[in-house]
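Comments concern the structure below.
The values are calculated or read from the model by the stated rules, or taken from the named source; none is laboratory data. Quick caveat: nothing in here was measured; it's all calculated off a predicted structure. Cβ coordinates were reconstructed from backbone atoms using ideal geometry, including for glycine residues, and neighbour counts include every protein chain displayed. Please note that ligands, DNA and RNA were not included when accessible areas were found on the heavy atoms of the full protein model with its side chains. Shrake-Rupley method; radii C 1.70, N 1.55, O 1.52, S 1.80 Å.
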Amino acid sequence: MNAGVIISFYQPTGLVNAITNKCTKHASLGPHRYYPAKSCSWRRFSEKYSTLPPDHPSNTPPKFPIPYYPGKTKDIPTVSAHPFPPSYATLNANQHEITQRKRQEAQHQLEIANALKPSYASQTPLHFPRLFSHSDAIYFWRSLDYWRVAVDQNIPVDVEIGKSYNSGKRVGMTFGEYLNYLEVCIGEEEREYRKIQNIIDGNSVIQTQQSSQYGRRHEIAYLAQNELFAQVQHDVPLPYFCHHSNDPGFKDLGEGKIYHTMIWMGPGNTISPLHYDPLDNLLIQTVGWKRVLLFPPNGYDNQPRGGDAIRQRDGGNRDVSEKIPFEGALWQYAGVDGNQYNTSAVDIEQPDFKKYPDFALAPTPYECLLGPGDAVFIPKKWWHHVRSLEFSVSVNAWWR
């Protein structure tokens, strides 16, 4: 398979040749092996390219069909913060410029930490639009050829077969083999995107429950819950509050001890089913778009749907208009039907209220679309469901 066949919707003209030539010729020259600091023509490649132009297709959600959540949702609170500046580690600059960049980065880190502190204290989610829009990952990770150059193709990875990690099996393969699979998927998505563009004027009428696979003729394979490859860790800067345990400026944001940094890569319609994590989580979107739904760790609607079915099941003894204590909470159906203890058995996009009637008591979820450069804080034990809308790459950091 020709590694250079990447759809232009995801990749700027000439990027692959530039990356391949420079990496091959100068890989050993700079502190960052993929664009050397000592090449004059290569001075801070992402200074010029990492911020996508406003009219670039990646800056707007795709018009692929998105299954509805069958109930009301509300927007996740949003906070504006300056984007992380490009890392000083890859600058071809003198010491004075590097010192200035370090000082600027430290100021941004404190700004982001201060913006998060109220939500962290109240353990409520928070959306950071475009927070990582200047990171190298936003520009480079859209190219499969970059991945081929940057990461050893023989590295073993675990891949979930099936649209959701609790609906299929986990198999091993090399990273290069998975990139070959993605190349086919991206081609299919591009053809479908062009088809939809030709027949749809952009109205939400295309969002139907029936066409979530848009004609895909093969199984979905999801590179989920793999450790972020060491070779690309510098492409996306993690906030200091995740890992600077000794800095007093971040003492109100946990212990500053990072647990895992994971990468999530796959075609459109990969799903993380409704589940919760025991640690605070920062989800960073670098390529493509995802839809995130978040439910609080406990609580019910005051006027739940499906009350008649619940009364009938319980012999009419339960007053479903009252809130039920968390200890009796069953709306998540976690650990049921072979699922893990922290994973719901309910397909929340098409819930079966006959099989899972207590899901009618679920509280109104938060909802947001994450595009390239966006991030969302997901507090520990918040239930969340994530669907990719197109070819997507995300990184998440769990910390305590």
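The residue that is farthest from Val292 (Cα to Cα), counting only those in the stretch 326-365 that are touching a Lys or Arg at 6+ places or on another chain (Cβ under 7 Å) and open to solvent by less than 20 Å² (accessible area, probe 1.4 Å), is Pro357.
Considering only strands (runs of 3 or more DSSP E) fully contained in the stretch 347-400, which possess at least 2 residues that are in contact with a Cys (Cβ under 8 Å, 6 or more places away or on another chain) and closer than 22 Å to Met265 by Cα? Full working, then the answer.
Details: elements: 366-370, 375-378, 383-388, 392-399.
So the answer is 392-399.
Residues in the stretch 116-154 that are part of a helix (DSSP H, G or I) and surrounded by fewer than 17 Cβ atoms within 10 Å (Cβ to Cβ): Lys117, Pro118, Ala121, Ser122. For the stretch 272-286, which residues satisfy the criterion of being over 21 Å from Lys74 (Cβ atoms) and surrounded by 24 or more Cβ atoms within 10 Å (Cβ to Cβ)? Listed by number, the residues that qualify are Ile284, Thr286.
Once the stretch 233-264 is narrowed to residues that are of a type in the set (Asp, Glu) and assigned to a helix (DSSP H, G or I), the residue that is most open to solvent (accessible area, probe 1.4 Å) is Asp252. For the stretch 265-301, residues that are in contact with a Cys (Cβ under 6 Å, 6 or more places away or on another chain) and in a loop (DSSP other than H, G, I, E, B) total 1.
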